[in-house]
Amino acid sequence: MKNILELKDLKVSFDTFSGEVQAVRGVNLTLQKGETLAIVGESGSGKSVTSKAIMGLIPSPPGRIKGGEINFEGKNLLNYSKRDMQKIRGKEISMIFQDPMTALNPTMKIGAQIMEGLIKHQSMSKKDAKQRAIELLELVGIPNPTARVEQYPHQFSGGMRQRVVIAIALACNPKVLIADEPTTALDVTIQAQILDLMRDLQEKMETAIILITHDLGVVANLAQKVAVMYGGKVVETGTVDEIFYNPKHPYTWGLLSSMPKLHNHSNKLIAIPGTPPDLSDPPKGCPFAARCPHAMEVCTEYMPDYFEESDTQKTACWLLDERAPKVKPPATIGI
Ligand code: SF4
Ligand code: MG
């Protein structure tokens, strides 16, 4: 199947007073129509920066794309002008941000906020856009949409606001939807409802989704493919089954071990000991070496290549080299 989106060796840096921070260091990812790819990892792993780069939203300066390609339907978005990117953003590729309160304009009626993109990108008349706004609110499960379009964000609950944000993101039938921690700000019951909604919408509209999250429960619920990021790199990719049931990277083991088990009511990850690498002076070898219980001499010297466990699973870890000692994943992984 053809990829709708393909990142090739994407590199993004930020210039700071203390030097260059290499936030994304050569990321390769693919996304197909109707597919959900989850990008997981701790904060600072480069997952949000990757998604902002796809949207053309890296603030420059201090940010800059240092290299690579972002191919959308076969065309490299990095060659697009700012104006051309504006045409793509919100129409072909749109984004749901983490916090529904900051994503909405408090001084504008909900209906007008949904209509904005429709009028701008679809050249709809005001009347048609309003009708479509009402339909969209209905689609995302907001009761009494005809009255609701006339209301302001503060008249909506947190969960309802996030539904509105999703309605805005979906207004122009985007081919790719990027959801950055879409449920983090919401309580657990509402989270489940929003995830159900996203799954539903995806089935109906065949939108491809990139889901950025640190919550592996959300991944299991929604994604088909997973990319695990660490230190600005993708350290392992695979199908959801491969990542959950046959993970090969010690960092993925750490993430899965720290995942709350069933009957544990906390929804937060328990941290893996140690801190992520300083990306203003990134390690030349494996980014996880300083925290990895299985690190070998080679790990600090050379960045591991991707070893292919299957057509879909690729892991950057020296343990998969045939000369490495055989190490078993810890018994603590698994749901
Ligand atoms: Fe650990 Fe080495 Fe594998 Fe990195 S390459 S995860 S340090 S074993
Ligand atoms: Mg983030």
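From 70, 58, 39, which residue is within 16 Å of ligand 2 (Cβ to nearest atom), farther than 24 Å from residue 252 by Cβ and under 18 Å from the mean Cα position of the chain (by Cα)? From the options 70, 58, 39, the qualifying one is 58. Checking each residue in region 160-185 for being surrounded by fewer than 22 Cβ atoms within 10 Å (Cβ to Cβ), over 15 Å from residue 105 (Cα atoms) and out of contact with any Phe, Trp or Tyr (no Cβ under 9 Å at 6 or more places or on another chain) picks out 172, 173, 184, 185. Which residues, counting only those in region 247-297, are at pLDDT 95 or above and over 24 Å from residue 11 (Cβ atoms)? Correct list: 247, 248, 250, 294, 295, 296, 297. Within region 200-239, the only residue that satisfies the criterion of being of a type in the set (A, V, I, L, M) and without any contact (Cβ under 8 Å) to a residue 60 or more places away in the chain is 205.
Restricting the search to strands (runs of 3 or more DSSP E) fully inside region 1-106 and requiring at least 1 residues that are closer than 29 Å to residue 288 by Cα and at pLDDT 95 or above gives 3-16, 19-32, 36-40, 63-72. Taking region 25-49 as the range and being aliphatic (A, V, I, L, M) and either under 21 Å from residue 312 (Cα atoms) or within 16 Å of ligand 1 (Cβ to nearest atom) (or both) as the test, the residues that pass are 27, 29, 31, 37, 38, 39, 40.
Okay, residues lined up against (1) within 16 Å of ligand 1 (Cβ to nearest atom); (2) under 14 Å from the mean Cα position of the chain (by Cα); (3) closer than 24 Å to residue 278 by Cα; (4) not acidic (Asp, Glu):
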{"position": "18", "(1), (2), (3), (4)": "no, no, yes, yes"}
{"position": "23", "(1), (2), (3), (4)": "no, no, yes, yes"}
{"position": "51", "(1), (2), (3), (4)": "no, yes, yes, yes"}
{"position": "74", "(1), (2), (3), (4)": "no, no, no, yes"}
{"position": "85", "(1), (2), (3), (4)": "no, no, no, yes"}
{"position": "88", "(1), (2), (3), (4)": "no, no, no, yes"}
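Here is a yes/no grid of residues against (1) touching a Phe, Trp or Tyr at 6+ places or on another chain (Cβ under 7 Å); (2) touching a residue at least 12 places away in the same chain (Cβ under 8 Å); (3) aromatic (Phe, Trp, Tyr); (4) farther than 27 Å from residue 15 by Cα:
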position: 63; (1), (2), (3), (4): yes, yes, no, no
position: 77; (1), (2), (3), (4): no, yes, no, no
position: 80; (1), (2), (3), (4): no, yes, yes, no
position: 87; (1), (2), (3), (4): no, yes, no, yes
position: 113; (1), (2), (3), (4): no, yes, no, yes
position: 118; (1), (2), (3), (4): no, yes, no, yes
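Among residues of region 120-148 that are hydrophobic (A, V, I, L, M, F, W, C), those with a Cβ under 7 angstrom from a residue that is assigned to a loop (DSSP other than H, G, I, E, B), sequence gap 6+ or separate chain, pair up as 133/149; 134/149; 136/171; 137/149. Here's a check for you: in region 281-335, which residue that is more than 23 Å from residue 242 (Cα to Cα) and not in a loop (DSSP other than H, G, I, E, B) is nearest to ligand 1 (Cβ to nearest atom)? Looking at the filtered set, the residue picked out is 299. Taking the criterion of being loosely packed, with under 13 Cβ neighbours inside 10 Å and under 25 Å from residue 199 (Cβ atoms), the residues of region 136-159 that qualify are 143, 144, 157.
The values are calculated or read from the model by the stated rules, or taken from the named source; none is laboratory data. The structure presented is a predicted model; accordingly, all values stated were derived computationally and were not measured. Positions of Cβ are backbone-derived with ideal geometry, glycine not excepted, and every protein chain shown enters the neighbour counts.
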